[in-house]
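The values are calculated or read from the model by the stated rules, or taken from the named source; none is laboratory data. This is a predicted model, so every value here is computed, not measured. All Cβ positions, even for glycine, are placed from backbone atoms using ideal geometry, and neighbour counts span all protein chains on display.
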Amino acid sequence: MPPVPQQHGHGMESPSIFQKSEMGAMMGGGVGLTIGFIFGSWSIIRHGAGPRGFMATLSQYMLSSAATFSFFLAIGSVIRSDSPLALRMEAMQLQLSASNPILRSKAESAQIVRARWAEERSRASN
């Protein structure tokens, strides 16, 4: 089953690539802080706090983990960005390629879609 389309805000506009990377960084920061707290606490319990003390050692674990996670999740959210521009560019490439011209009328496309829906309904009913 395909995912439900997301609506951001009141209109149908999607978030920009910068907003997506910002959201990825925020989520990564939260996950990184949590993981840093868990592993930092475990390390301090197991090996001791060291000469810098408990808080400095724990905060170093948490901040380094948060920075790493936020960096990689920000990059990952940009890579997985499905912007309308990228989809339009892909459609234009398909139309302009000489080996596979895809030029159909709206009526032909609608007939193809209806036929596919009918196939899916017949498969689902069986």
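Can you name every residue in region 79-126 that is surrounded by 10 or more Cβ atoms within 10 Å (Cβ to Cβ), modelled with pLDDT under 70 and more than 31 Å from the chain's Cα centre (by Cα)?
The answer is 101, 104.
Can you find a residue in region 45-57 that is more than 13 Å from residue 74 (Cβ to Cβ), in a helix (DSSP H, G or I), modelled with pLDDT of 90 or more and in contact with a helix residue (DSSP H, G or I) (Cβ under 9 Å, 6 or more places away or on another chain)?
There is at least one residue in region 45-57 that is more than 13 Å from residue 74 (Cβ to Cβ), in a helix (DSSP H, G or I), modelled with pLDDT of 90 or more and in contact with a helix residue (DSSP H, G or I) (Cβ under 9 Å, 6 or more places away or on another chain).
Among the residues that make up region 2-18, is at least one of them out of contact with any helix residue (DSSP H, G or I) (no Cβ under 8 Å at 6 or more places or on another chain) and either at pLDDT 95 or above or in a helix (DSSP H, G or I) (or both)?
yes
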